[in-house]
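The next block holds one structure in the form of structure tokens; read it before the comments.
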Amino acid sequence: MSFMFNPNAYDEPTAINRPALKAETVDALTVGIANVAEKLTNAIGVNGGIFTFDGYPSAEFTEIVNLLNGKLTLKGADVLTIDIADYYLSDKILEEKFSKNLPTDREKDPILLFGKRLEGGFANFFSDEAYAKLLADLKAAKNAGKTVLFYGFGSTFSDELRDLADLTIYLDIIPKEAVLRAKSGRMKNFGDKVARPFKEMMRRAYYVDFDISLAHRRTLLKNGLVDFYIDSTHEFKMLPKKALGEVFGALSKMPFRCCPVYLEGVWGGQYVKRLRNVPDCMKNIAWVFDLIPMEVSIRVVMGDEIISFPFYSFLQSAEENIMGEKCVEKFDGFFPIRFNYDDTFHSSGNMSIQVHSGADYNRENFNEFGRQDESYYIVDAGHGAKTYLGFNDDIDPDEFIALAKKSEKDHSVIDYKKYINAVDSKPGVQVMIPAGTIHASGQNQVILEIGSLTVGSYTYKMYDYLRLDLDGVPRPIHSYHGERVLRKERNTKWINENVVQKPRTVREGEGWKESIIGEHDLLYFSLRHLEFEKEIEDNTDGKFHVLSLVNGHSVVVESIDNPELCYKQNYLDIIVVPASVGRYRIRNLSGCPVTIHKTMLKPGFEEDNL
């Protein structure tokens, strides 16, 4: 699932994980499509059967299927290729069928960004008759002794199809690459004959293709139903089931870091670009998706090779090790918190004045799981930086809403400072932003944004300073939804009493201290500071922790019981300490004092309303 409209192809070279793997696990990796085809040819043999190729959106099956067809035919196999798309409903029927998920009311949604998540999975793509014919054709070919190369999206979506398969091969793609393929014309929506315009394609993909594929892949990986897993992001890299399980098992028992995604934006800054030496092909960096679960990937060293996995493929294979049993039950396997940096340092302006929706609104309008709460932690700030949060005490919020609706139509200027409360931005300040709170990150700062589960991005811009987006088109305003979710009573007084909090020490010792810097009854996560000179110890107690080094040069995060299970963390790296780690230690590798921003699920999170 992705709304990454403008990701950069750059892969952060330091975001590498090095789990200790057995020699036979490393040796099980097959690299290169020719070598993969040879390995699969030997596994398939010439005695007939059904060999199924499934994959994530934008996976390309044709080359590997053609290679295998040629190799197997030369060995004497009677090969038949079957594309599942030939059994889909027509593109026109699918368009009509999904119209309720992709409404076209431009009063509510001016650029047609939102929709409703599809229920029912891949079964939506078939008539009863076509599905019955597919099963009959596969059975007939198998009974005739043919070697069937059956491929396409959803080719293992049902128990009957999985039972028919003698081998299941899955072609995975990291989310960023799927979007880049879509932008370059290498992807179509399921069932389409030709590609849609990019933004239309992405909307349909989010609410249909990506969504059902995510759930389907979870079924396959969680239940060990994939015999050969292929990282087909760039060069084909294949692992058999046992080796894949060993890689994910090892990684899920140690601190790890995801590979971030960098995106430009009209308000993008220069801080992270300089810090991480991002190439000059990016003119700025607005968003750093360090741990947006649906968007990031995991890179693992295997011998002389690096293999990439979508974070969710890893998560879906080791949910309880990573998140803990209670978290998996509560959030149905979704990673419940998301993390990114927003960079407006030395930029051209503020982020938009915006608001997010709560759980009931998201379920009713988008069939979405979860509310969209946020929080901002000020990492660094320049001269005069502000964070906008809530309404000013002495104004009428309805007057601002009327001006926002007018500006959406006629592009009139709004004196937003008259209406929106501002908080001075200073490094170390933590603010909470429960759904319904109007807010914006101001110019000239870097914030660590931490948000709740919502898989999509339900951001309703109320005012955006009449800016053009990167494509030269005025940035959209979403006053229809924004007006309906705004909490008008959240003014300066409410903000100061509720969401701008003073640190509260929860434990301390010689040279170290842990403080709560942000908690609220409306949010199910707790935001904390770990401050120390030499080292500090902690315990996951069956729940994952997420750590960002917000002050200091570098540290090592290591298991106390098994110190070899560790990760070296540098300034602003975000790492996950899985629930399975238990007791762990953070050691300072430099002379200066260290501050770690720690996010964890609150005690009693199981009772919170999503």
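The values are calculated or read from the model by the stated rules, or taken from the named source; none is laboratory data. Model, not experiment: these values are computed from the prediction. A quick note on method: Cβ atoms are made from the backbone with ideal geometry, for glycine too, and the neighbour counts reach across all protein chains shown. Areas reflect the complete protein model, heavy atoms only, side chains present, ligands, DNA and RNA absent. Shrake-Rupley method; radii C 1.70, N 1.55, O 1.52, S 1.80 Å.
Things to note:
- Distance cut-off 15 Å, percentage of C-alpha pairs in the stretch 94-155 lying past it: 66 percent
- Inter-site label distance for Leu468 and Asp394 at 7 Å from Cα along Cβ, in nm: 3.9 nm
- Relative packing of peptides 56-63, 349-356, 434-441, 103-110 - highest average C-beta neighbours within 10 Å first: 434-441, 349-356, 56-63, 103-110
- Remark: the stretch 500-512, residue by residue, has Karplus-estimated 3J(HN,Hα) of 10, 10, 8, x, 10, 5, 10, 6, 7, x, 5, x, 8 Hz, where x stands for each Gly or Pro and the curve is 6.51 cos²θ - 1.76 cosθ + 1.60 at θ = phi - 60°.
- Distances between placed amide hydrogens fall under 5 Å for Ile292 paired with Phe339, all partners being 5 or more residues away or on another chain.
- Nearest-10 value in Å² for the accessible area of Glu606, using the 1.4 Å probe: 60 Å²
- Taken along the Cα-to-beta-carbon direction at a fixed 7 Å, the label points for Arg484 and Arg186 span 3.9 nm.
- Restricting the stretch 279-346 to trypsin sites (Lys or Arg not before Pro) that sit in a DSSP loop and have at most 12 other Cβ atoms within 10 Å of their own Cβ leaves Lys283.
- Computed 3J(HN,Hα) for the stretch 213-218, one whole-Hz value per residue from the Karplus formula 6.51 cos²θ - 1.76 cosθ + 1.60 where θ = phi - 60°, is 5, 4, 5, 5, 5, 4, glycine and proline marked x.
- Solvent exposure of the stretch 264-394 amounts to 31 Å² per residue of accessible area, where only protein heavy atoms count and the probe is 1.4 Å.
- Whether the stretch 248-357 is rounded, prolate or oblate, judged on the alpha carbon gyration tensor where a/c under 1.5 counts as rounded: oblate
- Model label zone, Phe5; criterion: amide N under 12 Å from point 7 Å along Cα-to-beta-carbon; scope the stretch 180-223: 198-203
- Label-point separation in nm, Val500 to Ser90, each point 7 Å along Cα→Cβ: 6.1 nm
- Global form of the stretch 1-92, assessed from the alpha-carbon gyration tensor, a/c cut-off 1.5: oblate
- P(r) of the stretch 344-406 over all Cα-Cα pairs, binned every 10 Å from zero, in whole percent: 15, 32, 38, 15, 0
- The stretch 456-532 and the stretch 134-166: distance between their alpha carbon centers, rounded to Å: 50 Å
- For the chain, radius of gyration divided by Kirkwood radius, i.e. Rg to Rh on alpha-carbons: 0.98
- Note: relative contact order over the stretch 485-610, using C-alpha pairs below 8 Å and six or more positions apart, is 28 percent.
- Look at the dipole of the stretch 470-610 built from charges on Cβ: of Leu565, Ser479, Val499, the Cα furthest out on the positive end belongs to Ser479.
- Mean sequence separation of contacting Cα pairs (under 8 Å, at least six apart), scaled by the length of the stretch 537-586, corresponds to a relative contact order of 55 percent.
- With all protein chains in place and a 1.4 Å probe, the accessible surface of the stretch 214-311 carries 52 percent carbon and sulfur.
- Considering helices alone, the calculated mean residue ellipticity of the chain at 222 nm is -7500 deg cm²/dmol, with DSSP H runs of length four and up weighted by -39500 (n - 2.57) and normalised per residue.
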